[in-house]
Amino acid sequence: MEGNRKLISPFHRPRCLAAAAPGGKAKLTHPGKAILAGGIAGGIEICITFPTEYVKTQLQLDEKANPPKYRGIGDCVKQTVQGHGVRGLYRGLSSLLYGSIPKSAVRFGVFEYLSNHARDEAGKLNSTRGLLCGLGAGVMEAVVIVCPMETVKVKFIHDQSSANPKYRGFYHGVREIIRTQGIKGTYQGLTATVLKQGSNQAIRFYVMTSLRNWYKGDNPNKAINPVVTGTFGAVAGAASVFGNTPLDVIKTRMQGLESHKYKSTLDCALKIMRHEGVRAFYSIEILSSTFYKGTVPRLGRVCLDVAIVFIIYEEVVKVLNTVWKTE
């Protein structure tokens with residue numbers, strides 16, 4: 001019996017040690033990989049979802065037409081395909097690609113850079129630090145990419161819905177805005193955009209970090225399949241919609257052609273509250289159509305967008321890890 005115990009004992013101790021630390025230290029993502037993977041993810045995501053953005057914009061512009069050209073979503077898609085083919089649903093894609101690729105690249109690059117410095121000795125990022133890193137990423141993308149891109153986009157939509165549009169295209173519009181208003185003209189609503197994007201990414205990365213930590217448990221290197229990643233991303237997207245839709249409404253008002261009505265972000269919020277009530281922050285988004293009115297439709301779009309971006313990002317990082325070796 002004594003001999004048997006000596007033989008059996010060595011086999012039990014290593015298994016217990018393995019159970020105590022199954023995955024070792026969590027692997028970090030190099031910021032360079034994050035920038036590249038984020039840009040690719042942003043580009044692919046907008047190519048997948050752009051037809052919904054195109055239809056939304058067409059219905060927004062059609063609201064003031066008398067009589068309306070389109071009877072609804074299906075009719076808009078039908079008329080576009082009949083007149084211009086399937087490619088017609090992608091008209092204007094390039095202008096969004098100009099913003100979506102660098103936006104996602106900045107977001108994920110900054111997040112990974114900050115999170116790499118915020119992790120504990122085991123390489124784990126807790127939820128609170130994930131929120132702060134997401135906040136930093138959101139603020140950076142707002143200042144560098146989102147504010148000028150969104151300001152130009154909103155001005156275009158407002159301009160096209162006016163009786164005499166003055167912008168002939170993307171580049172012409174940008175030139176005219178800068179010529180007449182200076183660079184400052186592309187940064188209207190900066191405070192609202194920073195608040196919106198910062199809270200947006202803070203919420204999303206907080207939720208993603210929390211769900212990932214829950215799923216991985218004691219094994220920080222446990223693989224997560226794309227379906228699970230997409231589900232987590234959809235939950236994170238939903239949380240961000242409910243968390244910052246009011247800021248999105250304020251941001252859009254501050255960037256429109258009638259932004260001169262508001263002295264500041266706070267003034268805009270107070271005037272909406274005073275003249276339209278609390279419901280305006282959730283049920284009526286400026287420039288919205290029947291299809292894109294309110295929180296519920298935005299919820300579906302954002303959940304899909306965030307899920308796709310996180311899936312593609314994670315899968316691209318996996319590929320980069322096999323061809324780009326970093327410490």
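When segment 182-197 is filtered for residues that are assigned to a helix (DSSP H, G or I) and either surrounded by 15 or more Cβ atoms within 10 Å (Cβ to Cβ) or not hydrophobic (A, V, I, L, M, F, W, C) (or both), the ones remaining, listed by number, are Lys184, Gly185, Thr186, Leu190, Thr191, Ala192, Thr193, Val194, Leu195, Lys196, Gln197. Are any residues in segment 251-268 modelled with pLDDT of 80 or more and open to solvent by less than 20 Å² (accessible area, probe 1.4 Å), and if so, which ones? Residue satisfying the conditions is Cys268 alone. Taking the criterion of being modelled with pLDDT under 85, in a helix (DSSP H, G or I) and surrounded by fewer than 18 Cβ atoms within 10 Å (Cβ to Cβ), would at least one residue in segment 224-242 satisfy it? So far as segment 224-242 goes, yes, one or more of its residues are modelled with pLDDT under 85, in a helix (DSSP H, G or I) and surrounded by fewer than 18 Cβ atoms within 10 Å (Cβ to Cβ). Evaluate segment 194-202: report whether one residue or more is in contact with a helix residue (DSSP H, G or I) (Cβ under 7 Å, 6 or more places away or on another chain), basic (Lys, Arg) and over 30 Å from Ser259 (Cβ atoms). The answer is no; no qualifying residue exists. The numbered conditions (1) open to solvent by less than 40 Å² (accessible area, probe 1.4 Å); (2) at pLDDT 85 or above; (3) among the basic types (Lys, Arg) are all true for Arg179 except (1).
Of the candidates Asn213, Asn164, the single residue that is of a type outside the set (Ser, Thr, Tyr), open to solvent by 10 Å² or more (accessible area, probe 1.4 Å), more than 17 Å from Lys103 (Cβ to Cβ) and touching a Ser or Thr at 6+ places or on another chain (Cβ under 8 Å) is Asn213.
Just give me the residues in segment 84-114 being open to solvent by less than 60 Å² (accessible area, probe 1.4 Å) and farther than 30 Å from Ile35 by Cβ, in sequence order. The answer is Gly85, Gly88.
Please verify whether Val144 is open to solvent by less than 40 Å² (accessible area, probe 1.4 Å), in a helix (DSSP H, G or I) and modelled with pLDDT under 95, treating the condition exactly as stated. Considered against the rule, which asks whether it is open to solvent by less than 40 Å² (accessible area, probe 1.4 Å), in a helix (DSSP H, G or I) and modelled with pLDDT under 95, Val144 comes out as no. Taking (1) open to solvent by less than 20 Å² (accessible area, probe 1.4 Å); (2) within 18 Å of the chain's Cα centre (by Cα); (3) modelled with pLDDT of 85 or more in turn, Cys76 satisfies each apart from (2).
Per-residue answers, yes or no, for (1) hydrophobic (A, V, I, L, M, F, W, C); (2) in contact with an Asp or Glu (Cβ under 7 Å, 6 or more places away or on another chain); (3) within 17 Å of Asn200 (Cβ to Cβ):
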residue	(1), (2), (3)
Val227	yes, no, no
Thr231	no, no, no
Ser240	no, no, yes
Lys271	no, no, no
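Within segment 115-137, the set of residues being farther than 16 Å from Asn200 by Cβ, open to solvent by less than 70 Å² (accessible area, probe 1.4 Å) and assigned to a helix (DSSP H, G or I) comprises Ser115, Asn116, Ala118, Ser127.
The values are calculated or read from the model by the stated rules, or taken from the named source; none is laboratory data. Here the structure is a predicted model, which is why all the values come from computation and not from measurement. Cβ: placed from backbone, ideal geometry, glycine included. Neighbour counts: every protein chain shown. Heads up: the accessible areas ignore ligands, DNA and RNA and are worked out on the full protein's heavy atoms, side chains in. Shrake-Rupley method; radii C 1.70, N 1.55, O 1.52, S 1.80 Å.
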